[in-house]
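Notes follow the structure.
The values are calculated or read from the model by the stated rules, or taken from the named source; none is laboratory data. This one's a predicted model, so the numbers in the text were calculated from it and none came from an experiment. Because the Cβ atoms are built from the backbone with ideal geometry, glycine has one as well, and the counts that use them run over all protein chains shown. Protein only, heavy atoms only, side chains kept; ligands, DNA and RNA dropped before computing areas. Shrake-Rupley method; radii C 1.70, N 1.55, O 1.52, S 1.80 Å.
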Amino acid sequence: MPFIPPFYNHGDLRAFYTPSESEVLAIQSDLSKPSIELAALTAEITRTKSLLQFLEDRHTRLNIPVTRTRQFIAASPVRRLPFDVLRIIFLSFCHTPVPGDVMGYQLPFTLAVVCSHWRAIVMKTPVLWTV
């Protein structure tokens with residue numbers, strides 16, 4: 001049950017009301033238990049926020065490598081193709097005319113910017129540049 005000051009129910013806590021000495025003592029006595037509980041709750045909130053921050057930081061630090069690893073695994077079928085197979089695919093791609101493609105000479109550049117592995121294949125395959 002929430003704490004309700006005893007005078008609050010009677011409307012005696014008006015803006016300009018001045019309690020007597022005995023009322024002040026009674027109010028202070030009534031406030032001691034809720035004040036202790038309030039301090040305990042404040043401390044628990046502080047600890048919980050600190051724990052939450054720690055867990056969020058840990059989550060972020062762990063999420064980055066896990067996400068990168070998942071992305072690596074998702075892309076791995078292409079990564080597992082041998083150099084020669086990718087080179088044949090690139091040669092077929094670059095030397096197959098596409099109707100209306102006036103920029104076919106840029107295909108090796110396009111392949112080279114996909115990733116460092118593909119760039120190495122493109123650079124080691126001079127025939128790609130003789131479209």
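Have a look at Leu25, Leu52, Leu81, Leu107 and point out the one that is modelled with pLDDT of 80 or more and either outside any helix (DSSP H, G or I) or touching a Lys or Arg at 6+ places or on another chain (Cβ under 6 Å) (or both). Walk me through it before giving the result.
Values: Leu25 fails: either outside any helix (DSSP H, G or I) or touching a Lys or Arg at 6+ places or on another chain (Cβ under 6 Å) (or both); Leu52 fails: either outside any helix (DSSP H, G or I) or touching a Lys or Arg at 6+ places or on another chain (Cβ under 6 Å) (or both); Leu107 fails: either outside any helix (DSSP H, G or I) or touching a Lys or Arg at 6+ places or on another chain (Cβ under 6 Å) (or both).
Matching residue, one of Leu25, Leu52, Leu81, Leu107: Leu81.
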**Top-ranked residue of the range 56-81 - restricted to ones that are under 17 Å from Cys115 (Cα atoms) and hydroxyl-bearing (Ser, Thr, Tyr), ranked as most open to solvent (accessible area, probe 1.4 Å)** = Thr69
**Request:** Please verify whether the range 28-43 includes one or more residues that are part of a loop (DSSP other than H, G, I, E, B), surrounded by 10 or more Cβ atoms within 10 Å (Cβ to Cβ) and modelled with pLDDT of 75 or more.
**Result:** no
**Prompt:** Looking only at residues in the range 89-104 that are loosely packed, with under 12 Cβ neighbours inside 10 Å and of a type in the set (Val, Ile, Thr), which one is modelled with the lowest pLDDT?
**Reply:** Val102
